[in-house]
């Protein structure tokens with residue numbers, strides 16, 4: 001319909017219609033913003049901007065349910081519940097009985113992971129070690145005894161490979177690695193990391209990006225679910241095509257050498273309440289990723305990704321995204337051109353940002 005209107009009406013008439021539409025919208029949102037119910041009516045009748053999010057959340061819930069029976073390389077339920085056990089183990093004072101409401105669910109899922117040929121060995125070991133620690137310290141109630149039997153049976157049927165090193169269990173803060181990085185050094189790294197849009201025509205090694213991603217995944221994540229993944233493209237032509245799916249890349253997209261697409265995964269959650277966590281967790285990891293790239297000699301530029309339906313469809317087709325996967329941001333990376341300009345981008349001070 002929009003294409004037909006554009007073909008039939010002169011540009012001035014179209015501009016006038018847009019102005020009238022905007023004016024009407026400004027008036028009616030005052031009324032529809034008075035309650036959640038009215039706001040829902042507004043977005044049902046006058047705007048469909050949240051349609052894709054609604055579909056993605058529901059698709060994610062379905063995929064989450066399926067993941068409980070079809071174990072792949074990672075189990076969201078196992079990751080979440082094992083992390084919950086870790087928090088119980090470090091509680092001060094630690095309760096003699098805890099996690100009874102979800103321990104059976106956890107060991108049942110662990111047993112499925114034990115039968116999987118795809119589960120990540122490190123993830124499985126983490127689950128085994130934390131569960132072993134849990135059963136060694138918790139009071140042996142009937143619920144715990146039954147869960148322990150399920151756990152030990154799973155281990156007997158599928159004994160994990162022998163691994164070396166310390167157990168993957170909670171440890172005291174005294175054991176965290178020492179750091180020689182000063183505030184001034186860290187601040188210098190922050191100042192060095194700028195949004196770079198001009199790159200040398202120099203190929204980017206995939207392994208360098210993978211190394212930076214390994215560091216990025218150490219970022220905090222709600223219940224350690226890490227509901228995101230990174231689509232890495234080191235072909236400059238392909239990187240340009242991806243960049244052009246976004247807004248704000250006109251003029252510099254053609255010189256990009258590599259592109260990372262940060263993708264949120266809504267299949268990590270059974271409830272709508274967690275739908276925004278993909279943005280929080282992925283953003284925490286993305287900032288660490290950009291800083292890690294900088295230490296490896298690679299500059300970067302995060303590219304904003306507004307929720308625009310035609311752009312979402314374009315990137316979905318290009319990357320073959322699942323219905324429950326949402327692009328969080330694009331991130332260009334490469335070796336900065338020494339003569340390339342960098343915006344000064346004055347930042348707000350703590351005096352402005354802190355509210356007491």
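The values are calculated or read from the model by the stated rules, or taken from the named source; none is laboratory data. What you are looking at is a predicted structure, and each value in this text was computed from that prediction instead of being measured. Positions of Cβ are generated from backbone atoms using ideal geometry, with glycine treated the same way; all protein chains shown enter the neighbour counts.
Remark: residue 292 matches the filter, which requires a residue to be crowded, with 18+ Cβ neighbours inside 10 Å, within 22 Å of residue 210 (Cα to Cα) and out of contact with any strand residue (DSSP E or B) (no Cβ under 9 Å at 6 or more places or on another chain).
Among 124, 151, which is within 13 Å of residue 75 (Cβ to Cβ) and in the same structural domain as residue 78 (by TED's automatic domain parsing)?
Exactly one of 124, 151 is within 13 Å of residue 75 (Cβ to Cβ) and in the same structural domain as residue 78 (by TED's automatic domain parsing), namely 124.
From the list 19, 101, pick out the single residue that is loosely packed, with under 12 Cβ neighbours inside 10 Å, modelled with pLDDT of 95 or more and either more than 26 Å from residue 316 (Cβ to Cβ) or under 30 Å from the mean Cα position of the chain (by Cα) (or both).
Unique residue meeting the criteria: 101.
Table: residues versus (1) part of a loop (DSSP other than H, G, I, E, B); (2) surrounded by 19 or more Cβ atoms within 10 Å (Cβ to Cβ); (3) in contact with a strand residue (DSSP E or B) (Cβ under 7 Å, 6 or more places away or on another chain); (4) at pLDDT 95 or above.
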{"position": "56", "(1), (2), (3), (4)": "no, yes, yes, yes"}
{"position": "60", "(1), (2), (3), (4)": "no, yes, no, yes"}
{"position": "78", "(1), (2), (3), (4)": "no, yes, no, yes"}
{"position": "83", "(1), (2), (3), (4)": "no, no, no, yes"}
{"position": "91", "(1), (2), (3), (4)": "yes, no, no, yes"}
{"position": "95", "(1), (2), (3), (4)": "yes, no, no, yes"}
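Out of everything in the range 316-335 that is surrounded by fewer than 19 Cβ atoms within 10 Å (Cβ to Cβ) and not in a loop (DSSP other than H, G, I, E, B), what residue ends up being nearest to the chain's Cα centre (by Cα)? Once the filter is applied, the top-ranked residue is 329. The requirement of being over 28 Å from residue 258 (Cβ atoms) and touching a helix residue (DSSP H, G or I) at 6+ places or on another chain (Cβ under 7 Å) is fulfilled somewhere in the range 169-184, by at least one residue.
State whether one or more residues within the range 309-331 are more than 18 Å from residue 231 (Cα to Cα) and at pLDDT below 95. Yes, that holds for at least one residue. Screening the candidates 283, 292 for the property of being part of a helix (DSSP H, G or I) and in contact with a helix residue (DSSP H, G or I) (Cβ under 7 Å, 6 or more places away or on another chain) yields one hit, 292.
Checking the stated criteria, residue 107 turns out to be part of a helix (DSSP H, G or I), within 25 Å of residue 226 (Cα to Cα) and in the same structural domain as residue 131 (by TED's automatic domain parsing). For the range 39-52, a residue qualifies if it is part of a helix (DSSP H, G or I) and surrounded by fewer than 14 Cβ atoms within 10 Å (Cβ to Cβ), and the qualifying residues are 39, 40, 41, 44, 45, 51.
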